[in-house]
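Accompanying notes for the structure given below.
Bear in mind that the values in this text are calculations on the coordinates, not laboratory data. Worth saying up front: this structure is predicted, and the values here are computed from it rather than measured. Every residue, glycine as well, gets a Cβ built from its backbone with ideal geometry; the counts of neighbours run over all protein chains shown.
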Amino acid sequence: MSRNIIQGTSNLSLGSGIATKVIIIGAGLGGLTLAQSLRRSGIPFKIFERDASIGARPQGYRIKIHSEASASLRSVLTPELWHRFENTCGKTVLGESNLNALNGAATASRKWRPGAGDGDIYSVDRSVLRHVLQQGLSDSGEDVISWGKEFLRYELCDDGTVKAHFKDGSYEQGSLLVGADGTRSRVTKQLIPNYSILDVEGVCIYGKTPITAELEAKAPALLRWISISRDEPPVIQGIVQGNDTISLLTEPMRFQSAYQQRYSEIPSDYVYWGLIMRRRVVASSDEELQDVLRVPGKALSMEITSEWHPSVRAILEQQDETYTSAIQILSSRPQVPEWKSDPRVTVLGDAIHVMSPAGGVGACTAIRDGFVLGAQLAEKGVGLESVAAYEQRMRQYATMSLQRSLAGGMKMFNQPPFDQCREVVI
Ligand SMILES: Cc1cc2nc3c(=O)[nH]c(=O)nc-3n(C[C@H](O)[C@H](O)[C@H](O)COP(=O)(O)OP(=O)(O)OC[C@H]3O[C@@H](n4cnc5c(N)ncnc54)[C@H](O)[C@@H]3O)c2cc1C
């Protein structure tokens, strides 16, 4: 149990549960990482998640965990859970090939030799990671995650606490409310009323393709390690419609078979894929975009890639359609905004720095947030000093992640500069 758990609350005549409790909105990767950190330091918390269950909605499949994020996870997890994390990851083969999507030939390929400080890199299935992060959250066996609880708004109370109000009419009171509620965060909207994000004009259709003998025979180049297959526009279309590259990112997820039998959360081996393009490639109006997002369907990915080589297209042809989804790509502005820190409310992850998946660092940044905030709360107690210190640090590394995501978006789908993007009010 940490010392000095709550600052400036000595006059509170509240039950200790309320006076020290951290309320986390959202059981995504950032919120769950924070919860693990709080559990380790003995700070009471409760998580409220809008989804009815962990698998209620597809949110992407393979997540690349880079060094800072893996170090963060290692710090917040018990040794047993850390082993479970490592054992349930896909086998990471470090390397990348770029292919010409039209003929399937390699245009660049290199084994990746991590440099000093690169640390450990993992490929993990998102739902497996969420499963691991939910383990052991309560020593007493008490249910610390409430599912099907939609947060509506918060209220700063005269007694120094904060109250979270939910759609079902209930509320929860605590000392600190953390908005880990993703892209269109209601916590952020109330904390920073003029906060807006940007429509970076991208669409990502993503899914899973089972690894079968047939796929191994048809698409060997895409079953080695990360691949990016690129399709540049022909000259006239480039001039008339824009220089819109279409990219297919793929990575095989092969799990350790011994652990596949031991941990029921591990799925069968699959290839994770994400087809990233400028929105105008698939939709010429907002209505058309909504149709694409609602029912991405196999037919659409096959149509977009009709000229591609069969060895690349095989991944899309053999997709398991039940897992195919699409998202509109949104991003925060390149600088995480400044706001006056409030000792009772803060935000983390996509709630304050959503970024294009083209950089592959959104989840890593959310995980780091959970670790940094948890460490500050453990060290300094719940209060202004810890919240402000977390926010200041987060702004620095999250801004770097946003820049990396822009660079990835420019290469993968001709993402326009931030100052040319339309504002989306959340
Ligand atoms: C296709 C794809 C691939 C990606 N690949 C990578 C990758 O390889 N590496 C990487 O680092 N990042 C990747 N990302 C980005 C990554 O998924 C996100 O940045 C990350 O999930 C953010 O975590 P989070 O906890 O902040 O938010 P989320 O994961 O979005 O979690 C927020 C949670 O809050 C809940 N919630 C929302 N509103 C409410 C409410 N009102 N009340 C209660 N609960 C609420 C949601 O249901 C959700 O469970 C990828 C994203 C996509 C779409």
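Here are the numbers:
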{"read-out": "Burial ordering of LYS21, LYS91, fewest other beta-carbon atoms within 10 Å first", "value": "LYS91, LYS21"}
{"read-out": "Residue list for the range 217-236, given a label point 7 angstrom along the Cα-to-Cβ vector of ASN100 and an amide N cut-off under 12 Å", "value": "230-232"}
{"read-out": "Debye intensity ratio in log₁₀ form over the Cα atoms of the range 48-92, taken at each q of 0.31, 0.34 Å⁻¹", "value": "-1.05, -1.11"}
{"read-out": "22 Å Cα-Cα reach of LYS64 towards lysines, excluding residues that sit fewer than 8 places from it in its own chain", "value": "LYS91, LYS111, LYS208, LYS411"}
{"read-out": "Degrees separating the helix 362-380 axis from the principal Cα axis of the chain, which is the longest one", "value": "20 degrees"}
{"read-out": "Residue among VAL372, TRP339, PRO416 farthest towards the positive dipole end of the range 332-426, charges placed on Cβ", "value": "PRO416"}
{"read-out": "Other-chain or far-sequence residues with amide H under 5 Å of ILE24's (modelled H)", "value": "LYS46, ILE47, PHE48, VAL178"}
{"read-out": "ARG262 paired with VAL425, simple spin-label distance in nm, labels 7 Å along Cα-to-beta-carbon", "value": "5.4 nm"}
{"read-out": "Above-threshold pairs, the threshold being 26 Å between Cα atoms, out of LYS46/LYS167; LYS21/LYS380; LYS149/LYS298", "value": "LYS149/LYS298"}
{"read-out": "Order of ARG113, ARG224 under a 10 Å beta carbon neighbour criterion, fewest first", "value": "ARG113, ARG224"}
{"read-out": "Candidates GLY90, GLY409, GLY238: whichever shows maximal mean-square fluctuation once the chain is modelled as a Gaussian network with Cα springs under 10 Å", "value": "GLY238"}
{"read-out": "Cα gyration tensor shape for the range 128-280, rounded if a/c is under 1.5, else prolate or oblate", "value": "oblate"}
{"read-out": "THR212/GLU385 FRET efficiency (R0 51 Å; Cβ-Cβ; nearest 0.05)", "value": "0.40"}
{"read-out": "Sorted by Cβ density within 10 Å, fewest first, the residues ASP244, ASP125, ASP143", "value": "ASP143, ASP244, ASP125"}
{"read-out": "Among GLN134, GLN335, GLN261: highest mean-square fluctuation, GNM of the chain, C-alpha pairs under 10 Å", "value": "GLN261"}
{"read-out": "Cα-based radius of gyration of the chain once divided by 2.2 N^0.38 Å, which approximates compact folds", "value": "1.00"}
{"read-out": "Ellipsoid equivalent to the range 231-304 - semi-axes via the Cα gyration tensor, in Å", "value": "35, 16, 8"}
{"read-out": "MRE, 222 nm, helices only [DSSP H, n ≥ 4, -39500 (n - 2.57), over the chain, to nearest 500]", "value": "-10500 deg cm²/dmol"}
{"read-out": "Segments 183-194, 371-382 sorted - mean Cβ within 10 Å per residue, highest first", "value": "371-382, 183-194"}
